[in-house]
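K.L.:
Below you will find the structure I want to go over with you.
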Amino acid sequence: MEKNEIKNACAQAVKELLEVARLRKGDIMVVGCSTSEVGGSKIGTNSNVDVAEEIFEGIYSILKKKGVYLAVQCCEHLNRAIVTEKDAVPYLEQVNVVPQKKAGGSLATVAYNKFTNPVVVESIKADAGMDIGDTFIGMHLKSVAVPVRLSMKEIGCAHLTCARVRPKFIGGVRAVYNEELL
């Protein structure tokens, strides 16, 4: 992909996901990403900070305008911990680690360096998610995740999967549900 193509593809994907997921100010969107996969390599083999910069800018610029927090999943070497802004998770216990290209991943490293007040936490329960390169973000979504199909299926060479969440249905056959929460 040419310079800015990755950034533009990420921005388009986020816009589509925001619309479908109906995210509001203060909500959290988690992103897992293999920059290796985006560049056409096997996950974990060719981490690329330049690609991560484009991905971050494409996603973060859209979310920030909307008031939605970005949470970036680290790689398995940091147990898929989350980098986000402290304001997004004021009551969660912070862990002490600084993501690096080969221990946390390029996107987590870029996010940590670009956020105003970055923190790393072990886990969150996000309102929507974007998985670029099959990094398995499901553990960081609220209980009922719903797949979201976007117009694009890939970012670079990486498979793109997205999800939104909805509240659990409770109450059985007599219950009435709020259609806006479906």
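K.L.:
Take Ser151 and decide whether it is touching a residue at least 60 places away in the same chain (Cβ under 8 Å) and surrounded by fewer than 22 Cβ atoms within 10 Å (Cβ to Cβ).
P.N.:
Values: touching a residue at least 60 places away in the same chain (Cβ under 8 Å): yes; surrounded by fewer than 22 Cβ atoms within 10 Å (Cβ to Cβ): yes.
Judged against the criteria, Ser151 is a match.
K.L.:
Between residues in segment 98-122 that are in contact (Cβ under 8 Å) with a residue 40 or more places away in the chain and residues that are buried (at least 16 other Cβ atoms within 10 Å of the Cβ) and basic (Lys, Arg), which pairs lie under 6 Å by C-beta distance while being six or more apart or on different chains?
P.N.:
Note: pairs meeting the criteria are Thr109/Lys101.
K.L.:
Residue by residue through segment 107-134, note down the ones that are assigned to a loop (DSSP other than H, G, I, E, B), out of contact with any Leu (no Cβ under 9 Å at 6 or more places or on another chain) and over 10 Å from Thr84 (Cα atoms). Let's see the steps before the verdict.
P.N.:
Filtering segment 107-134 down to residues assigned to a loop (DSSP other than H, G, I, E, B) leaves 115-117, 122-125, 127, 133-134.
Next cut, out of contact with any Leu (no Cβ under 9 Å at 6 or more places or on another chain) only: 116-117, 134.
Within segment 107-134, Asp134 is the sole residue that qualifies.
K.L.:
So, Val119, is that one within 18 Å of Tyr69 (Cβ to Cβ) and out of contact with any helix residue (DSSP H, G or I) (no Cβ under 6 Å at 6 or more places or on another chain) or not?
P.N.:
On the way: within 18 Å of Tyr69 (Cβ to Cβ): yes; out of contact with any helix residue (DSSP H, G or I) (no Cβ under 6 Å at 6 or more places or on another chain): no.
Against the criterion (within 18 Å of Tyr69 (Cβ to Cβ) and out of contact with any helix residue (DSSP H, G or I) (no Cβ under 6 Å at 6 or more places or on another chain)), Val119 does not qualify.
One line per residue, one yes/no per condition, for (1) out of contact with any helix residue (DSSP H, G or I) (no Cβ under 8 Å at 6 or more places or on another chain); (2) under 18 Å from Ala21 (Cα atoms); (3) crowded, with 19+ Cβ neighbours inside 10 Å; (4) touching a residue at least 24 places away in the same chain (Cβ under 8 Å):
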| position | (1), (2), (3), (4) |
| --- | --- |
| Gly40 | yes, no, no, yes |
| Gly44 | no, no, no, yes |
| Ala52 | no, no, yes, yes |
| Ile55 | no, no, yes, yes |
| Tyr60 | no, yes, yes, yes |
| Lys66 | no, yes, no, yes |
| Leu70 | no, yes, yes, yes |
| Cys74 | no, no, yes, yes |
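K.L.:
Moving on. Looking at segment 90-109, which of the residues that are touching a Phe, Trp or Tyr at 6+ places or on another chain (Cβ under 8 Å) and buried (at least 16 other Cβ atoms within 10 Å of the Cβ) is farthest from Pro167 (Cα to Cα)? Please lay out each step first, then the result.
P.N.:
We begin by selecting, within segment 90-109, every residue touching a Phe, Trp or Tyr at 6+ places or on another chain (Cβ under 8 Å); these are 98-99, 104, 107.
Okay, now just the ones that are also buried (at least 16 other Cβ atoms within 10 Å of the Cβ), so 99, 104, 107.
On the way: Pro99: 32, Gly104: 31, Leu107: 29 Å.
The selected residue is Pro99.
K.L.:
Is there a residue in segment 84-93 that is under 17 Å from Gly44 (Cβ atoms), not polar (S, T, N, Q) and not in a strand (DSSP E or B)? Show your work before the answer.
P.N.:
If we filter segment 84-93 for residues that are under 17 Å from Gly44 (Cβ atoms), which is where we start, we get none.
There is no residue in segment 84-93 that is under 17 Å from Gly44 (Cβ atoms), not polar (S, T, N, Q) and not in a strand (DSSP E or B).
K.L.:
Filter segment 110-130 down to the residues that are buried (at least 24 other Cβ atoms within 10 Å of the Cβ) and closer than 18 Å to Glu76 by Cα and list them by number.
P.N.:
Just the residues of segment 110-130 that are buried (at least 24 other Cβ atoms within 10 Å of the Cβ), to begin with: 110-111, 126, 128-130.
If the condition is that a residue be buried (at least 24 other Cβ atoms within 10 Å of the Cβ) and closer than 18 Å to Glu76 by Cα, then Val110, Ala111, Gly129, Met130 are the ones that fit.
K.L.:
Here is a further query. When residues of segment 135-159 are filtered for being within 14 Å of the chain's Cα centre (by Cα), part of a loop (DSSP other than H, G, I, E, B) and among the hydrophobic types (A, V, I, L, M, F, W, C), how many remain?
P.N.:
2
K.L.:
Just to be sure before I move on: is Cys162 within 14 Å of the chain's Cα centre (by Cα) and at pLDDT 95 or above in the structure I sent? Can you show your working first?
P.N.:
On the way: within 14 Å of the chain's Cα centre (by Cα): yes; at pLDDT 95 or above: yes.
Spelling it out, Cys162 is indeed within 14 Å of the chain's Cα centre (by Cα) and at pLDDT 95 or above.
The values are calculated or read from the model by the stated rules, or taken from the named source; none is laboratory data. Since this is a predicted model, take the numbers as computed values, not measurements. Glycine also receives a Cβ, built like all others from the backbone with ideal geometry; neighbour counts cover every protein chain displayed.
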